[in-house]
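Note sheet for the following structure.
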Amino acid sequence: MTTPNKTNLPTGQAGRRKFISQTVKGGLAVTIGLSAAAPLLQSFTTNKNFTPGNFTTGFDQQPLPYAYTALENVIDAMTMEIHYSKHAAAYSKNVKDAAAAEKVDMTKPLEDVLTNISKYSAKMRNNGGGHYNHEMFWQCMRPKKENNAPTGKLLKAIEGQFFSFDNFKKQFAEFGKNRFGSGWAWLYINKENLITIGSTTNQDNPLMDIAEIKGYPLLALDVWEHAYYLKYQNKRADYIDAWWQVVNWDYVAERLHSFNI
Ligand code: MN3
């Protein structure tokens, strides 16, 4: 285990038990949470060959799946418009320039480049990551829903690793808040086939062979200032707290299921 240990997250059954014994007073909820999660965790650990799921990303920017105004009250329309049509569009243009210069076959998935990014230029790393991360980020959101939360296997997996959805949100938010400078927070499946959380710097992501954390991303949160500054100014924590209302848990679940789980 790499990332979770660095951040005092529980890992494995022993780690989870220790974590739970340290943090939870009542025993009944713990027993229910663990037994419900056990079959799913077993399927992670028996999946020995880590491979990306069925979602692939091209080099062109795809249409935003909703209007610029769709996330209002959480992310304002002007932020969305500038973010999508300026920042993210530039990553797509620049990764295509880099791919042309470095003779990359752009009919193949961008993931093929990202998983071998150490063989390419810094321009490819920054813009390939930037393009991939934003294409995923737009899909990870949808118009605001009350009591927005994951269900089914995804919820069980989260509860299995983080004890509760609320605790998961708290710890995920910490990664976003504590990422110094610019970067991303992630929910991802690590190489031990466990769902976990972490963050990356700049436009790196867990697919990259040189990233601080490695695995298959399920949920992406952009914590660059351009993602929130117009509405939230320096208050990144407020942006993250509000963001949970617009997370598209159905999409996150689809990514999890594409991993044959
Ligand atoms: Mn951004």
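The values are calculated or read from the model by the stated rules, or taken from the named source; none is laboratory data. These figures come from a predicted structure and were not determined experimentally. All Cβ positions, glycine included, derive from the backbone under ideal geometry; neighbour counts span all protein chains shown. Side chains included, ligands, DNA and RNA excluded: accessible areas come from the protein's heavy atoms. Shrake-Rupley method; radii C 1.70, N 1.55, O 1.52, S 1.80 Å.
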Of all chymotrypsin sites (Phe, Trp or Tyr not before Pro) in region 141-220, the ones in DSSP coil with at most 16 other Cβ atoms within 10 Å are Phe180
How would Lys144, Lys119, Lys170 line up by accessible area, probe 1.4 Å, largest first?
Lys119, Lys170, Lys144
Take the alpha-carbon positions of region 66-206, form their convex hull, and give its projected area averaged over all directions (one quarter of the hull surface) in nm².
10.0
Between Asp209 and Lys93, what FRET efficiency follows from the Cβ-Cβ distance if R0 is 25 Å, with the result rounded to 0.05?
0.55
Taking 0.36 nm per intervening residue step and subtracting the Cα-Cα distance, what contour gain separates Lys153 from Lys177 on full extension?
5.9 nm
Quick one: length gained pulling Leu230 to Asn167 fully straight, 0.36 nm per residue minus the C-alpha distance?
19.8 nm
Probe 1.4 Å, all chains present, heavy atoms only: Ser164 accessible area in Å², nearest 10, is 30
Heavy-atom accessible area of Arg125, protein chains in place, probe 1.4 angstrom, given in Å² to nearest 10, is 80
How would Leu230, Leu256 rank on accessible area, largest to smallest, probe 1.4 Å?
Leu230, Leu256
With all protein chains modelled, accessible area of Ile82 [1.4 Å, Å²]
70
Please give the net charge around Met106, taking every other residue with its beta carbon less than 12 angstrom from that of Met106, where Lys and Arg add +1 and Asp and Glu add -1.
-2
In this structure, among Lys145/Lys169; Lys86/Lys144; Lys214/Lys235; Lys103/Lys191; Lys96/Lys123; Lys177/Lys231, pairs with alpha-carbon gaps over 18 Å are Lys86/Lys144; Lys214/Lys235; Lys103/Lys191
Run through region 108-213 and list the GluC sites (Glu not before Pro) located in a DSSP loop whose Cβ has at most 11 other Cβ atoms within 10 Å.
Glu146
Using a 1.4 angstrom probe on the protein heavy atoms only, could you order Asp209, Asp112 from most to least accessible area?
Asp112, Asp209
Applying 1/(1 + (r/R0)^6) with R0 = 25 Å to the Cβ-Cβ distance of Ile82 and Asp241, what FRET efficiency is obtained, to the nearest 0.05?
0.70
How large is ³J(HN,Hα), in whole Hz, for each residue of region 251-257 in order, when computed from phi with the Karplus curve 6.51 cos²θ - 1.76 cosθ + 1.60 and θ = phi - 60°, using x for Gly and Pro?
5, 4, 5, 4, 5, 4, 5
